[in-house]
1. Among (1) in a loop (DSSP other than H, G, I, E, B); (2) modelled with pLDDT of 95 or more, there is one condition Tyr88 misses while meeting the rest; what is its number?
2. Scan segment 34-49 residue by residue and report those that are farther than 18 Å from Leu85 by Cβ and either crowded, with 16+ Cβ neighbours inside 10 Å or modelled with pLDDT under 95 (or both).
3. Taking into account only those residues within segment 63-97 that are without any contact (Cβ under 8 Å) to a residue 12 or more places away in the chain and within 16 Å of Ala30 (Cα to Cα), which is surrounded by the most Cβ atoms within 10 Å (Cβ to Cβ)?
4. Out of the residues in segment 9-33 meeting the condition of being assigned to a loop (DSSP other than H, G, I, E, B) and touching a residue at least 40 places away in the same chain (Cβ under 8 Å), tell me which one is surrounded by the fewest Cβ atoms within 10 Å (Cβ to Cβ).
5. Which of the residues that make up segment 82-97 are in contact with a strand residue (DSSP E or B) (Cβ under 6 Å, 6 or more places away or on another chain) and among the hydroxyl-bearing types (Ser, Thr, Tyr)?
Amino acid sequence: MKILAMERDLPGVPDESFSETVLKEEALRAWELHRSGEIRELYFRADRDAAVLVLECDSAERARTILSTLPLVRDRLIEFDIIPLTAYPGFERLFGK
């Protein structure tokens, strides 16, 4: 199942919480998850500082578990909105079932 995960800021988290050390740990963990195939795509929004990830996993709950291993999530600096995706069904109208 494909899962879209969109970063959301948590209120009251000061900018200085995002130290160089934790950001480097975050990048390393994101790389490990990307190499394992659990995170398929990683983007940053062009209109603001927020990550957008595409995961491949069994369920939304599994996606939450995977994302909880990211240092910024683990340390409660950010959260992700989890959006399960399914294939677009509209083509069936063109080609039948």
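The values are calculated or read from the model by the stated rules, or taken from the named source; none is laboratory data. These figures come from a predicted structure and were not determined experimentally. Cβ atoms come from the backbone with ideal geometry, glycine included; neighbour counts cover every protein chain shown.
1. (2)
2. Within segment 34-49, Arg48, Asp49 meet the criteria.
3. Val73
4. The residue in question is Leu10.
5. Scanning segment 82-97 gives no hits.
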